[in-house]
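Structure record follows, encoded as structure tokens.
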Amino acid sequence: MVSTKTVIVGLGSLTVCLGGPTLGFAAKCAGNNINTMLSWEPTEIAKGTTLTTFRHTSVSVNDDRSAPAHLAAGECVGALLTTPDGKTQGGGSCARKDKDGDVLNEEWVLPVGTEFKGPWKNVGGTGKYASAAGTGQWEVVMSQGKMAAVRWVGNCQ
């Protein structure tokens, strides 16, 4: 059985992707990702060890409304591993398409023993995002039911 803490951490993690930023082609960037859970599938591997896979939709809202990926939308997938000591770690990927049809790809990590925050990085994409390589930090700022908001900051060069 999956603990409430695991579900909250997982939802937050997904949201982060899930949380990743949208490319702004500027040195500094920040914004929020609004995520909605599509699937959440925990599997108890052994007593106290649970592997959870998930998928959610994500819309990125840049603080700089003129950033190329402002309002880019797509999906994120990920996996979380919770161990008998109650610690969770995980990671995942997101792909969001902008108004021009170009896709920005992102990876995120939930380090072991942390809750609701971690690093993200852009890993290319299509069109204008082919060389995207920004990095930064994400943190879940709101999680309610199947919805979550993730604040992200970083360098979106």
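Run the paramagnetic zone check for THR36: 7 angstrom along Cα to Cβ, then residues of region 79-116 with backbone nitrogen under 20 Å.
Only 94-99 pass the distance filter.
If r is the Cβ-Cβ distance from ALA133 to THR49 and R0 is 25 Å, what FRET efficiency results, to the nearest 0.05? Please list the in-between numbers first.
Numbers: r = 35 Å, r/R0 = 1.39.
Given R0 = 25 Å and the Cβ-Cβ separation, E is 0.10.
Most exposed first by the Cβ proxy, i.e. fewest other Cβ within 10 Å, how do SER93, SER66, SER143 rank?
On the way: SER93 16, SER66 8, SER143 21.
Least crowded to most crowded, the residues run SER66, SER93, SER143.
To the nearest 0.05, what FRET efficiency results for SER93 and GLN144 with a Förster distance of 22 Å applied to their C-beta separation?
According to the calculation, E is roughly 0.35.
Taking neighbour Cβ counts within 10 Å as the exposure measure, how do ASP85, ASP102 sort from fewest upward? Don't skip to the end; give the middle numbers.
On the way: ASP85 8, ASP102 19.
The order, fewest Cβ neighbours first, is ASP85, ASP102.
Classify region 53-134 as rounded, prolate or oblate from the Cα gyration tensor: take a ≥ b ≥ c as the square roots of its eigenvalues, call it rounded if a/c is under 1.5, otherwise prolate when a/b beats b/c and oblate if not. Present the calculation step by step, with values, prior to reporting the outcome.
Numbers: a/c = 2.40, a/b = 2.33, b/c = 1.03.
Prolate, because a/c is 1.5 or more and a/b exceeds b/c.
Coordinate-derived values only; no laboratory data. Just so it is clear, the model here is predicted, and its values are computed rather than measured. Note: ideal-geometry Cβ built from the backbone for every residue, glycine included; neighbour counts use all protein chains shown.
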